[in-house]
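The values are calculated or read from the model by the stated rules, or taken from the named source; none is laboratory data. Everything numeric here is computed off the predicted structure, so don't read it as measured data. Glycine also receives a Cβ, built like all others from the backbone with ideal geometry; neighbour counts cover every protein chain displayed.
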Amino acid sequence: MTNSINEIENAEVILVSGSNTTEAHPQVARRMLAAVDRGARLIVIDPRRTRLAECAHLHLALRPGTDIPLLNAMMRVLLDEGLADDLFIEMRTENFLALRDMLNRLDLEATAALTGVELSLIRQAAQLYGRARKAVICYCLGVTQHVCGTENVQTIANLAMLAGHIEKEDTGVDPLRGQNNVQGACDMGALPNMLPSYQGVANEDFREKFERAWGASLPEAPGLTLVEMTHGGAQGPIRGMFIMGENPMLSDPTLGKVEETLRGLDFLAVSDIFLTETAQLAQVVFPAACFAEKSGSFTNSERRVQMVRQAVPPPGECRADSEIIMALSGRLGYPMEYETSAEVMEEIALLSPIYGGMYHDRLERGWGLQWPCWDRDHPGTPFLHKYYFTRGRGHFMPASHTPPGELPDPEYPLLLMTGRMYHQYHTGTMTRKSERLSRECDHAVLQINPEDAKTLGLRQGETVRLLSRRGEITLAASITGQVACGMVYTTFHFHEAPINQLTNDAFDTGSRCPEYKVCAVRVEKIVDS
Amino acid sequence: MVHTAATDSHLLKKDHLKGFLRKLAKEYRLVAPVRNRHGDVLFTVIDDLDAAEIELSEPPQNSLKQFFLPQQEQLSTYTVTPEGYDFHPVQATIPPTIYFGVHPCDLSAVLYMDVVFSRRQRDPFYLRRRHGSVLIGVNCNSPSPNCFCNATGSGPFLEMGSDLQLTDLGDRFLVETGRAPGQALIERWQGFFSPSADKDRAAHYQAFLEARGRFSRQVHVEQAIRQLEADTVEEKIWQELSLRCQDCGGCAYLCPTCTCFTISDQRLDAASGRRLRSWDACTFAGFTAMAGDHNPVQAKTAAIRQRFTHKLRDDVRLNGRPSCVGCGRCVSICFGGTDIVRFVERVCQGSL
């Protein structure tokens, strides 16, 4: 996020795209609703009529996968109506002409028709966003989990720069991260091409710095991305894996391939707090300590590094992830002897410039620090890109429509979107252990429009068969106007209905993120024989 | 429980408070609002009186509910027999406890829970925790921004209900004796107390007047009660607020008078298990869900209806007063802006 979460509350216009915020990020949604109470306008771009969409002033129910044309149309309106921020474009950006030329060639009517959203609604949204003094865009996986995820994000950046809605307090572009520490994992180099603090492995100076500190030589070539690893096949190049706190046997697309790959390994070790579907395939399972059983820090969506303190000792033989890594590393001949997590933090501060001033004694006071925090005296950074972008000038990257990897056809006539629900979290390894959460919802449901349900002759709650070219599952139908005709929606939380057996493994060539949001399916009524 | 009018009053110098509590702690478990090392004020069992920073001017984040109705409580254990199940009651010894520094809102809440758990059916699990407890209240001189006990008739000063009732008069407390256990404490430790004079009682009255002027909110609870009784609350108000309820249950869990619970059996192994009672909330869809996913309460349009009609209409009918005590906890925790103050304000707007 370029902003802090609290800043959302002060925005005049909030544009939410591809985020079911009330269910997936309730703490963020609470700020959005507070802003609405203070007079802010809320625009929601989502194919489904989510709760947030019902609370919105404008709901743009686009066809899945048409984010780029929709945002391009909005930008064209900004240009046509003189709402572009010329001074900002002049002072802070580059490559504007390429964007302008692309937008001017756009046939607005046809573009709107492609998205399925009324042009008048697109126009209103553009006007609201363009005229605001303070406006934020919040987006989530509905934007990124497409074959054109990278271009979708670049187009959002184009829109924000065109309107000059960045580099100010209460104004910016805010991707919402889905886990307590996914930001921290990226910051610490859990990316195939990055060392900690986004220092690229391809850069010799960065490599040398880490080689000196660690007394080891580092590879210069980037590693593999997640799907490359989990979809390599039984004879894939990777022969051994150590998987920590991740359950690809439920969370990755085309599960059949994942299973084939993991079973084909020479050796698999898994560290998790419960025996997940993935851990069941492992030769060695390390019982890990959970968040309440260890000390250290998490980095959240707003780049805030916060302390987590051990509340209870880990049960049985469980150990903190760091202890498991250190013990393993020692056996592999590279001793790591950090006595406390504070000592690890000192090394992070030493090697990661954006964490340069973060030490446990500082983090323990108050609510932590937001990066970049360059040195001990630096107060942290509530919002990014003040005065200049990290790379200097913001580069407009014009993009045009890329259709999803698979669209409905006569054989598989419905479009399937996948996502999350409020009462379960990811593959349910933790939430499904809670009786109260299970009481709210303990099984997968397939949202289907009343018209489609009528055509198929379905009753509310009826168990149906859902098929794609890759597999089939059964689950309960939930007949609701939340999804439009021709679309169905479900979640990936339940191992009894593993939806990722059906999803497509088409992925974004830039980010390697799979297209969980669009694939073609068929719903069949189950007839008793 | 018979209430006696608080006619008798004494003085306790603040310097002597710790000495008095030390005497009490010899015979009772002591619970009081304590500021922890993270700066939060919570009702806490005090083991070391000298280390505890007792905080009386800031409302604690938790209420006393958890001490009488724990978030989760084991009611019995069971073993599987060829015929079925054998249940074995769990013996719990609850030490006699003094709850010190209880604000009027939280005190009123305990009195309400007493009614809920003993009027029709006596709840042995609640009563065994409540039995032998002594409530020492402190009148509230500094309402917080979300407080509105003045509108629910449960503060900022309380005239009856506690065993001892303290009022902060600067360097000393005026101590009113309420019920018999309080009187007994004063008699037992009379060395700590001196008689109050007219000027002390005048100062007490003055403090009451000033406290009433310190509320930052004017919440017209009475109006909402009247409209609920007359059934004139517009349907769209329920729908608007229910749509925004984010279903976290925070209001019910923090509420000192929300007493709904559920009972579940937890299997420990093939031959045994335990029966638990835990907090529940009427805002959860699962609270009213029926077999086959049918639900008489549509979450999107009516999630909060039971909560507010119960507190502001049904309990008024039953007890003559609302069971909202105006502590404001739900106001500060609510994710969606659908708390009781928002409801009352919305109802009042609707009647303009």
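Brief remarks on what is shown
- Among the residues of segment A:360-374, those identified as hydrophobic (A, V, I, L, M, F, W, C) and modelled with pLDDT of 90 or more are A:363, A:369, A:371, A:373, A:374.
- Of all the residues in segment B:307-329, those that are out of contact with any Ser or Thr (no Cβ under 9 Å at 6 or more places or on another chain) and assigned to a helix (DSSP H, G or I) number 6.
- Residues satisfying the stated conditions in segment A:165-213, i.e. over 13 Å from residue A:137 (Cβ atoms) and among the small types (Gly, Ala, Ser): A:178, A:184, A:185, A:189, A:190, A:197, A:200, A:202, A:213
Matching residues to (1) over 19 Å from the mean Cα position of the chain (by Cα); (2) assigned to a loop (DSSP other than H, G, I, E, B):
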residue: B:233; (1), (2): yes, yes
residue: B:238; (1), (2): yes, no
residue: B:243; (1), (2): yes, no
residue: B:248; (1), (2): yes, yes
residue: B:251; (1), (2): no, no
residue: B:257; (1), (2): no, yes
residue: B:273; (1), (2): yes, no
residue: B:276; (1), (2): yes, no
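- If you go through segment A:375-399 and pick out every residue that is of a type in the set (Phe, Trp, Tyr), surrounded by 15 or more Cβ atoms within 10 Å (Cβ to Cβ), at pLDDT below 95 and in a loop (DSSP other than H, G, I, E, B), you end up with 1.
- Candidates B:150, B:146, B:141 - the one that is assigned to a helix (DSSP H, G or I) and closer than 20 Å to residue B:326 by Cα: B:150
- Among the residues of segment A:217-242, those that are touching a Leu at 6+ places or on another chain (Cβ under 7 Å) and outside any loop (DSSP other than H, G, I, E, B) comprise A:240, A:241.
- Within segment A:434-529, strands (runs of 3 or more DSSP E) holding 2 or more residues that are more than 23 Å from residue A:23 (Cα to Cα) and basic (Lys, Arg): A:519-525
- Scope segment B:259-309; condition within 12 Å of chain A (Cβ to nearest Cβ), out of contact with any strand residue (DSSP E or B) (no Cβ under 7 Å at 6 or more places or on another chain), under 30 Å from residue B:115 (Cα atoms) and loosely packed, with under 13 Cβ neighbours inside 10 Å; matching residues: B:290
- Test: residue A:124 is of a type in the set (S, T, N, Q), farther than 14 Å from residue A:71 by Cα and in a helix (DSSP H, G or I): no
- From the list A:154, A:124, the lone residue that is surrounded by fewer than 21 Cβ atoms within 10 Å (Cβ to Cβ) and touching a strand residue (DSSP E or B) at 6+ places or on another chain (Cβ under 7 Å) is A:124.
- Pairs linking a residue in segment A:103-115 that is in the same structural domain as residue A:125 (by TED's automatic domain parsing) to a residue that is among the β-branched types (Val, Ile, Thr) and at pLDDT 95 or above, with Cβ atoms under 6 Å and 6 or more positions apart or on different chains, are A:112/A:122; A:114/A:66; A:115/A:66.
- Answer residue from segment A:436-487, given it is without any contact (Cβ under 8 Å) to a residue 60 or more places away in the chain and small (Gly, Ala, Ser) and is nearest to the other protein chains (Cβ to nearest Cβ) among those: A:461
- Residue match in segment B:83-92 (condition: farther than 30 Å from residue B:159 by Cα and in contact with a helix residue (DSSP H, G or I) (Cβ under 8 Å, 6 or more places away or on another chain)): yes
- Single residue of segment B:60-97 satisfying the filter (charged (D, E, K, R) and over 24 Å from residue B:112 (Cα atoms)) that is farthest from the chain's Cα centre (by Cα): B:83
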